[in-house]
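Here's the structure, in structure tokens; my notes come after.
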Amino acid sequence: PRRIGSIDFYGYAGLDLDRIKAALPLHAGEPFPGPFETKDEIRKAVTSVTGHPPTDVAPVCCDAQGNFTIYVGLPGASMKQTTYNPVPKGTARLPAQIVDLYKQMMDASSAAVLSGNARDDNSHGYALSIGDSYLRAKQLSTRAYAIQHEKLIRTVLETSSEVQQRIVAAHLLGYARQSSEQIAALVRASHDPDDAVRNNATRALGVLAESSAKVAARIPARGFIAMLSSGSWTDRNKAGWVLTALTKSRDPKLLARLRSEALVSLLEMARWHNPGHAYSARILLGRIAGIDEARAERLAHADNADELINALGYRDRK
């Protein structure tokens with residue numbers, strides 16, 4: 001049994017957030033009722049106040065205390081509709097044993113998180129566990145398959161009508177050889193109509209971007225800036241990861257675009273209680289403000305975002 005560690009929001013610009021919070025039947029510190037019950041109760045509460053359902057309710061396990069963080073997307077002015085790719089209609093499929101390998105890897109990854117062994121080496125452009133030998137073996141098997149079958153993986157990712165096939169293909173492609181074709185296919189998949197496909201594709205791009213400044217320079221930032229204002233929590237979470245890598249060079253044009261197109265969204269995300277999930281928004285805000293990297297890192301890892309917001313010179317936004 002786990003408890004609710006915190007409940008955080010995004011997309012609430014222009015809405016009465018205090019009223020929405022007061023309407024919620026769930027609170028931090030209480031037992032976590034389960035994903036379906038949580039989503040249903042929060043959906044009813046948000047709809048009763050705003051007249052619209054939440055854009056997303058995402059229970060995420062686990063924080064440092066082993067509790068759930070619940071993210072609630074709201075249909076305010078800081079949520080922007082995102083244009084996704086058309087739903088594919090093809091029949092390409094991956095072998096059943098490879099789909100099973102993906103499931104085994106996801107189970108192993110979850111177990112590594114819960115045991116505190118979720119540490120990866122991303123220096124090769126794909127994740128390799130350094131804390132869990134079983135997970136690492138599954139990742140190496142994935143790499144071996146992806147190297148030999150990249151064309152099939154790209155075909156499934158782009159054309160398969162089956163969501164689960166595209167989810168697996170997006171993950172597999174992150175383990176293929178680094179190439180312009182790989183990056184282009186993952187960028188396209190980051191706008192798949194399914195959020196799990198987008199999550200896997202964007203995560204793969206985040207790992208690639210972290211591995212090399214040269215690779216990061218080949219990943220276009222535009223779509224990920226738009227994702228920072230998405231109604232989906234995974235879109236915001238993974239887009240922040242990619243942009244953290246893309247802004248390491250502190251390109252002034254890129255930072256100016258972030259300021260003009262996603263500032264309010266970043267301020268909302270910087271206030272999240274889970275420091276790991278808030279980190280990307282906080283470090284991006286620090287770079288936008290021109291704070292030196294060492295201080296920006298310190299502020300990004302602080303218990304709350306107040307000092308960072310004050311350093312930026314922006315008024316408190318709640």
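The values are calculated or read from the model by the stated rules, or taken from the named source; none is laboratory data. The shown structure was predicted, so the numbers you read here are calculated from the model rather than taken from an experiment. As a convention, Cβ positions derive from the backbone with ideal geometry for all residues, glycine included, and neighbour counts pool all protein chains shown. The protein model used for the area step is the full one, side chains on, heavy atoms only, and it has no ligands, DNA or RNA in it. Shrake-Rupley method; radii C 1.70, N 1.55, O 1.52, S 1.80 Å.
Here are the numbers:
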| quantity | calculated |
| --- | --- |
| The one condition in (1) touching a His at 6+ places or on another chain (Cβ under 7 Å); (2) closer than 19 Å to S78 by Cβ that P275 fails to fulfil | (2) |
| Condition met for A96 (free of Cβ contacts under 8 Å to residues at least 24 places away in the same chain and among the aliphatic types (A, V, I, L, M)) | yes |
| Flag for T159 being among the β-branched types (V, I, T), open to solvent by 10 Å² or more (accessible area, probe 1.4 Å) and over 18 Å from Y102 (Cβ atoms) | yes |
| I291 vs. criteria open to solvent by less than 50 Å² (accessible area, probe 1.4 Å), among the hydrophobic types (A, V, I, L, M, F, W, C), on the phi < 0 side of the Ramachandran plot and assigned to a helix (DSSP H, G or I) | no |
| Hits in segment 295-314 - residues which are in a helix (DSSP H, G or I), open to solvent by 60 Å² or more (accessible area, probe 1.4 Å) and within 17 Å of H277 (Cα to Cα) | R298, D306 |
| Top-ranked residue of segment 187-198 - restricted to ones that are assigned to a helix (DSSP H, G or I) and more than 16 Å from I225 (Cα to Cα), ranked as most open to solvent (accessible area, probe 1.4 Å) | D195 |
| Whichever residue in segment 122-133 is farther than 19 Å from L172 by Cβ and not small (G, A, S) and, among such residues, is most open to solvent (accessible area, probe 1.4 Å) | I130 |
| Odd one out for T142, checked against (1) in contact with an Asp or Glu (Cβ under 9 Å, 6 or more places away or on another chain); (2) among the hydroxyl-bearing types (S, T, Y); (3) open to solvent by less than 10 Å² (accessible area, probe 1.4 Å) | (1) |
| Matching residues in segment 199-225 - criterion: being in a helix (DSSP H, G or I) and surrounded by fewer than 17 Cβ atoms within 10 Å (Cβ to Cβ) | A213, K214, R222 |
| Test: residue in segment 85-96 that is over 30 Å from S133 (Cα atoms) and aliphatic (A, V, I, L, M) | yes |
| Tally of residues being without any contact (Cβ under 8 Å) to a residue 40 or more places away in the chain and not β-branched (V, I, T) across segment 55-70 | 2 |
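Okay, residues lined up against (1) among the β-branched types (V, I, T); (2) in contact with a strand residue (DSSP E or B) (Cβ under 8 Å, 6 or more places away or on another chain); (3) loosely packed, with under 14 Cβ neighbours inside 10 Å; (4) not in a helix (DSSP H, G or I):
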residue: T244; (1), (2), (3), (4): yes, no, no, no
residue: E261; (1), (2), (3), (4): no, no, no, no
residue: H273; (1), (2), (3), (4): no, yes, no, yes
residue: G276; (1), (2), (3), (4): no, no, yes, no
residue: G286; (1), (2), (3), (4): no, no, no, no
